[in-house]
Every structure is written in structure tokens, then in C-alpha cells.
Amino acid sequence: MNFARSLFLIFPTILSLVFIVYFFLVIKKKTKRDRYFKVQTYLGLSSIFSLVMLPALTYFGDFQPITHSIMTSSFFFVTIMEVNSYLYRLKNTYKLDQDIADLYGLTNRENEIVLQIIEGYSYKKIAENMFISYGTVRKHASNIFSKSDCSSRKELIDKVCQ
């Protein structure tokens, strides 16, 4: 019975550890830019690590008080991530004068892109910052230019920043 239990728990434990190491290595490259992304990454890693610990603890015995605490902390980390994400969006979405956004009918996402265009970022950099594709940024930018009746970045910046 112990052998079967070991076989059943070893594979998920190893798979979980490989996943967390791979996740950490991939995300570590992306988080050098901004404090917000570092916080989100470390909260995510903490949550995933908590979940990875469950099969390992089960292998060594029945530690229900510990496993319940670990699951609770994992959900707590995810909740903090969501609150942090919400606060980040609130902080960064409405920097543009609300009258301008209303005047041109810009969505929150288009608003975020306009802010980065004003800061001088390329579409490629905007895509990296927002974790969206380059094509998506181009489509949003096209919609922004169309809604604001502008034909260039300079014209858009002049119109929005007056």
C-alpha cells in the first residue's frame, strides 16, 4: 500500500516542482521592468508553491491542519494578486482627462495605450508592457486614430495633451 501511495504522489510532486522552476525562470526575465509585476510574480509563485507542497505533505502523512493552512494561504495570495491588479488598473486607466476619453469614445484599454503613446513607447514596447500582441496594439492604435480623427502620433499627442 505504501509503495502504491508513493508512486501515486511522486509523479505529481515532481511534475509540480518542474513546473514551478520553469515558471520562475520564464517569469524572472519579464519582471525586471516594474515593481507591480514583481509583486504579482512573487504572489503567484507563493500561491503555486503552496499548491505544490500538498502532494509532498500527503506523501509524508496526514497533516490536515497544515494542508488546510497551506490551501488558505494559496487562496489568500491569489486574492491579493487580484486586488493588486485591480488597484494597478485603477491607477493607470484614468490618467487621461476623462473629458477627452468621453469626447472620443475611448475604451479603458485604448486609454492605457494612448498614455503609453504619449510617453513615446513603440507599439512593440506597449505590447510587452501590457502583455498583449503587437497586432492587438496596432488594432487599438488604429481605433484610437480613427476615433480621434488623427493621422499620426504627433497629431494625437497634440490633440490629447492641449
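Tabulated data for the structure shown
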item	result
Accessible surface of the chain [probe 1.4 Å, protein heavy atoms]: carbon and sulfur percent	64 percent
Most to least accessible of L43, L156 (protein chains only, probe 1.4 Å)	L43, L156
Highest-fluctuation residue, I80, I126, I66 considered, GNM on the chain with Cα pairs under 10 Å	I66
Two-decimal Rg to Rh for the stretch 72-162 - Kirkwood Rh, Cα set	1.07
Solvent-accessible area per residue for the chain (1.4 angstrom probe, square angstrom)	66 Å²
Per-pair calculated FRET efficiency, R0 = 30 Å: I132 and F75 via Cβ, rounded to 0.05	0.65
Using alpha-carbon coordinates, inclination of helix 35-60 to the longest axis of the chain, degrees	20 degrees
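The values are calculated or read from the model by the stated rules, or taken from the named source; none is laboratory data. Just so you know, these numbers come straight off a predicted model, no measurement behind them. Cβ atoms come from the backbone with ideal geometry, glycine included; neighbour counts cover every protein chain shown. The accessibility values were calculated without ligands, DNA or RNA, using every heavy atom of the protein model including side chains. Shrake-Rupley method; radii C 1.70, N 1.55, O 1.52, S 1.80 Å.
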